[in-house]
1. Find the residue count for segment 120-174, including only residues that are crowded, with 16+ Cβ neighbours inside 10 Å, in a loop (DSSP other than H, G, I, E, B) and small (Gly, Ala, Ser).
2. Restricting to segment 93-119, give me the number of residues that are closer than 18 Å to residue 146 by Cα and open to solvent by less than 30 Å² (accessible area, probe 1.4 Å).
3. Mind checking whether some residue in segment 61-81 is closer than 24 Å to residue 154 by Cβ, of a type in the set (Ser, Thr, Tyr), open to solvent by 60 Å² or more (accessible area, probe 1.4 Å) and assigned to a loop (DSSP other than H, G, I, E, B)?
Amino acid sequence: STQFAIAVQNTLNTNITLNGGVLLLHDDLRLGDDAVILDSGTVVFDATSISSATDQIISGDTTFYSFVKQIPSTAAPLQKLTFDSNATQTVAFLLTLEGLPANALILRSDSVNVDPLVREWNLNLQVGARQDIENVVVADSNASGGITLVARGAASVDSGNNTNWIFGTPTVRW
């Protein structure tokens, strides 16, 4: 598959079609509203080249086919993925958000408003999509527009104001 790397802050006001390719982002992704990244493509928020604590930002209403943010063992601590509080991120096929037990991935809103409803950021995983969420610290996330998100791993923490999230390993009863 084809891989495209973007290593500078970019604002894109168009749809992106990835036909089985990978969009590898070393910085922020700032998309115009209603952007769509589909057709079996994967967007990877890359932390392998980040040598110090950093914050990657995603803004604009976006629909992704596959959305990936993983922290490698060589990454600096305090890796953050910050979401636009005025936007909704929708994932159609695969959502991967993975930190490490000793270096959890921090998921936050871009808003510092004291009103928790203003701070909320929306992340919707469509019915039938897969998720791999582990060792994340989450605050102010509203996932009520999709299926329940399950954050596994000893380092996963509910930092408050999260909707439609489960933290820890859920109990399944038959």
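The values are calculated or read from the model by the stated rules, or taken from the named source; none is laboratory data. These numbers come from a predicted model, not from an experiment. Cβ placement follows ideal geometry from the backbone for every residue including glycine, while neighbour counts extend to all protein chains displayed. Surface accessibility is based on the protein's heavy atoms, side chains included, excluding ligands, DNA and RNA. Shrake-Rupley method; radii C 1.70, N 1.55, O 1.52, S 1.80 Å.
1. Count: 7.
2. 4
3. Kept after step one, since they are closer than 24 Å to residue 154 by Cβ, are these residues of segment 61-81: 67-81.
Checking which are of a type in the set (Ser, Thr, Tyr) leaves us with 73-74.
Still in the running and open to solvent by 60 Å² or more (accessible area, probe 1.4 Å): 73-74.
Next, from what is left, pick out any that are assigned to a loop (DSSP other than H, G, I, E, B): 73-74.
Taking every residue of segment 61-81 in turn, at least one turns out to be closer than 24 Å to residue 154 by Cβ, of a type in the set (Ser, Thr, Tyr), open to solvent by 60 Å² or more (accessible area, probe 1.4 Å) and assigned to a loop (DSSP other than H, G, I, E, B).
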